[in-house]
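> Please read through the structure below; I'll follow up with questions.
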Amino acid sequence: GLNCVVHEREAFEPAMEILTPFASRVRGVFHCFSGTPERVSRIVALNSLVSYTGILTFKNGGNIREALKATPPGRFMLETDCPYLAPVPHRGKRCEPAFVRQTAEFAAEVTGRPLEEILERTSGAAREFFPKLDA
């Protein structure tokens with residue numbers, strides 16, 4: 001009954017096949033998500049979440065920005081994937097947890113939502129998904 005972090009790099013269909021039978025008891029967060037809006041819909045239909053990294057800010061991250069736009073508010077988290085995938089303007093350097101703010105600011109621009117809403121909803125999603133964070 002514990003939630004799980006799903007790292008499905010290049011293995012989306014097998015990951016969905018594994019998670020789907022357990023979706024009534026286990027939620028997943030698809031870490032470092034780089035899929036399509038259609039994949040977001042499938043993940044959300046299982047009551048799972050997606051998590052976006054600094055890739056969202058990369059010039060070639062248009063597909064990920066489209067996926068973010070398709071993600072319902074409160075159904076995604078933001079992460080650093082430290083030490084990798086630092087957001088612009090830190091791209092190519094060691095990613096640090098403090099850099100998630102740049103990713104959040106960029107997510108606010110992409111979605112047209114206020115930064116405070118992005119921060120509240122992503123923090124809320126993390127607290128709900130990982131309930132022992134507040135324990």
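> With labels modelled as points extended 7 Å from the Cα through the Cβ direction, what inter-label distance (nm, one decimal) is found for residue 94 paired with residue 11?
Going by the 7 Å Cα→Cβ label model, 2.9 nm.
> Right, here's the next one. What FRET efficiency, computed as 1/(1 + (r/R0)^6) with R0 = 30 Å and r the Cβ-Cβ distance, is obtained for residue 134 and residue 105, rounded to the nearest 0.05?
Working: r = 25 Å, r/R0 = 0.83.
After rounding, the FRET efficiency stands at 0.75.
> How long are the three semi-axes of the equivalent ellipsoid for region 1-68, computed from the Cα gyration tensor as the root of 5 times each eigenvalue, in whole Å, largest first?
22, 11, 10
> Using the eigenvalues of the Cα gyration tensor, what equivalent ellipsoid semi-axes result for the chain when each is taken as the square root of five times the eigenvalue, whole Å, largest first?
Numbers: eigenvalues 103, 55, 42 Å².
Each semi-axis is the square root of five times an eigenvalue, giving 23, 17, 15 Å.
> Same structure again: Once neighbouring chains are kept in place and the probe is 1.4 Å, which whole percent of the accessible area of the chain is contributed by carbon and sulfur?
54
> So which lysines pass the test for residue 59, namely a Cα distance under 21 Å, with those fewer than 8 places away in the same chain ruled out?
Once the sequence-local lysines are set aside, what remains near residue 59 is 69, 93.
> Using unit Cβ charges (K, R positive; D, E negative) and no other charged atoms, how large, in debye to the nearest 20, is the dipole of the chain about its Cα centre?
100
> From the phi of every residue in region 20-35, what ³J(HN,Hα) in whole Hz does the Karplus formula 6.51 cos²θ - 1.76 cosθ + 1.60 yield, where θ is phi - 60° and glycine or proline is x?
Listing the rounded values in order: 3, x, 9, 4, 6, 10, 9, 9, x, 10, 7, 5, 6, 5, 9, x Hz.
> Would you give the gap between the C-alpha center of region 1-77 and the C-alpha center of region 106-135, rounded to a whole Å?
Using only Cα atoms, the two centres lie 15 Å from each other.
> While we're on this one: Show that you can apply the helix-only estimate: for the chain, add -39,500 (n - 2.57) for every DSSP H stretch of four or more residues, divide by all residues, and state [θ] at 222 nm to the nearest 500. Write down the numbers at each step before the final one.
Working: 5 runs with 53 residues, N = 135.
Only helices count here, giving -11500 deg cm²/dmol.
> Another question about this same structure. Just tell me the longest site-free run in the chain, where the sites are trypsin sites (Lys or Arg not before Pro) in a DSSP loop having at most 11 other beta-carbon atoms within 10 Å.
95-135
> Among the complete DSSP H segments of the chain, which ones combine at least 20 Å of alpha-carbon extent along their axis with a mean Kyte-Doolittle hydropathy of -1.0 or more?
Helix filter hits for the chain: 115-129.
> A further question on this structure: So if each residue of separation counts as 0.36 nm, and I subtract the Cα-Cα distance between residue 24 and residue 44, what length gain in nm does that give?
5.9 nm
> Hey, another quick one. Kindly report the accessible area of the chain per residue (heavy atoms of protein chains, probe 1.4 Å, no ligands, DNA or RNA), in Å².
Details: 7540 Å² over 135 residues.
Ligands and nucleic acids excluded, the result is 56 Å² per residue.
The values are calculated or read from the model by the stated rules, or taken from the named source; none is laboratory data. This structure is a prediction, so every number in the text was calculated from the model and none was measured. Cβ coordinates were reconstructed from backbone atoms using ideal geometry, including for glycine residues, and neighbour counts include every protein chain displayed. Each accessible area value is taken on the protein alone, full model and side chains, heavy atoms only, with ligands, DNA and RNA left out. Shrake-Rupley method; radii C 1.70, N 1.55, O 1.52, S 1.80 Å.
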